Amino acid sequence: MRKKLIIGNWKMNPRSAEDARKIFAAIKRKAAKISSVTTVICPPFPFLNLLSPDKKVALGAQDIHSEQDGAFTGEVSLAMVANAGGRYVIVGHSERRALGETDEFVNKKLMQALKHGMNSVLCIGEKERDEGGHYLHFLNAELVAALNKIPSTHLRHLVIAYEPIWAIGKKEDEAMKPSEMHEMTIYIRKVLKSLYRGVDVESVPVLYGGSIGESNAEAMIRDGMVDGLLVGRQSLEPEAFGAILALADKTR
Ligand code: PEP
């Protein structure tokens, strides 16, 4: 059985390095007891270098720039992330897309990360659902655009995080239902299969993200048939995040 992948996205939190260290240390203590989960924490860039990953908890970045280096004020490159200990990078999070990141830019970032062998978590997700199923066309287009010209040899470092925007930042009972996620897992794999004919796309992990906590993590993994979770707010709460890790560890 493959290990679950639980990724914590701290977004623009916490305020101080001291707090970042404390939260990270507490998460490491929780993760030390877990065996069948790969845990990744994505702190803000200034904290990346300050936190010490171990065998159980890896570090990731919340974004990268698409170019290797150059005149890009305020940006951070893949090499900087890797040199700071980052082993994962989130690409195309909806909060970045809301700031103007286009599908084309997401594709360039993904290409940059994958071609250098970085584990890349591509976020996709619709703003809202409609009766006519247009959101499926939207998701198909997001995937097609993000994976444009990405060769199948790069898929071994790809992770897809399906995060319906309407389910992010809500109460846990407003998250997507596991049965609905099961349909999305199947749909995402179907799109991947159509893009990479003859390639084993089952090995690309599909994660769910959006208002996950202790109350819905287990059902989402089991009944949503996902390979893991992308967790926002609750990844800053070591007790709650530790509980999510423990649930993921025991869920088959
Ligand atoms: C996210 O924004 O990636 C996310 C999953 O956030 P939350 O868990 O806080 O809904």
TODO: Look through G85, G8 and report the one residue that is within 14 Å of the ligand (Cβ to nearest atom), among the small types (G, A, S) and in contact with a Leu (Cβ under 8 Å, 6 or more places away or on another chain).
DONE: G8
Task: Residue selected from the range 5-29 under the condition part of a loop (DSSP other than H, G, I, E, B) and touching a residue at least 60 places away in the same chain (Cβ under 8 Å), by the criterion least open to solvent (accessible area, probe 1.4 Å) - done: W10
- [ ] Can you tell me which residue among V231, V144, V201 is open to solvent by less than 10 Å² (accessible area, probe 1.4 Å) and over 17 Å from the mean Cα position of the chain (by Cα)?
- [x] V201
- [ ] Please specify each residue of the range 11-44 satisfying the condition of being in contact with a Leu (Cβ under 7 Å, 6 or more places away or on another chain) and of a type in the set (S, T, Y).
- [x] T38, T39
Task: Number of the exception - M220 against (1) within 15 Å of the ligand (Cβ to nearest atom); (2) at pLDDT below 95 - done: (2)
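Say we look at the range 187-198 and pick out the residues that are over 16 Å from the mean Cα position of the chain (by Cα) and surrounded by 15 or more Cβ atoms within 10 Å (Cβ to Cβ); which of these is farthest from the ligand (Cβ to nearest atom)?
Residues of the range 187-198 that are over 16 Å from the mean Cα position of the chain (by Cα), as a first pass: 187, 189-198.
If we keep only those that are surrounded by 15 or more Cβ atoms within 10 Å (Cβ to Cβ) as well, we get 187, 189, 191-192, 195-196.
Working: Y187: 19, R189: 21, V191: 21, L192: 21, L195: 24, Y196: 26 Å.
If we take residues in the range 187-198 being over 16 Å from the mean Cα position of the chain (by Cα) and surrounded by 15 or more Cβ atoms within 10 Å (Cβ to Cβ), then Y196 is farthest from the ligand (Cβ to nearest atom).
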Task: Within the range 204-228, tally of residues that are part of a loop (DSSP other than H, G, I, E, B) and either crowded, with 20+ Cβ neighbours inside 10 Å or within 17 Å of the chain's Cα centre (by Cα) (or both) - done: 10
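The values are calculated or read from the model by the stated rules, or taken from the named source; none is laboratory data. Being a predicted model, the structure only gives us computed values, none of them experimental. Here Cβ is always computed from backbone atoms with ideal geometry, including for glycine, and neighbour counts include all displayed protein chains. Just so you know, the surface numbers come from the protein's heavy atoms only, side chains and all, with ligands and any DNA or RNA stripped out. Shrake-Rupley method; radii C 1.70, N 1.55, O 1.52, S 1.80 Å.
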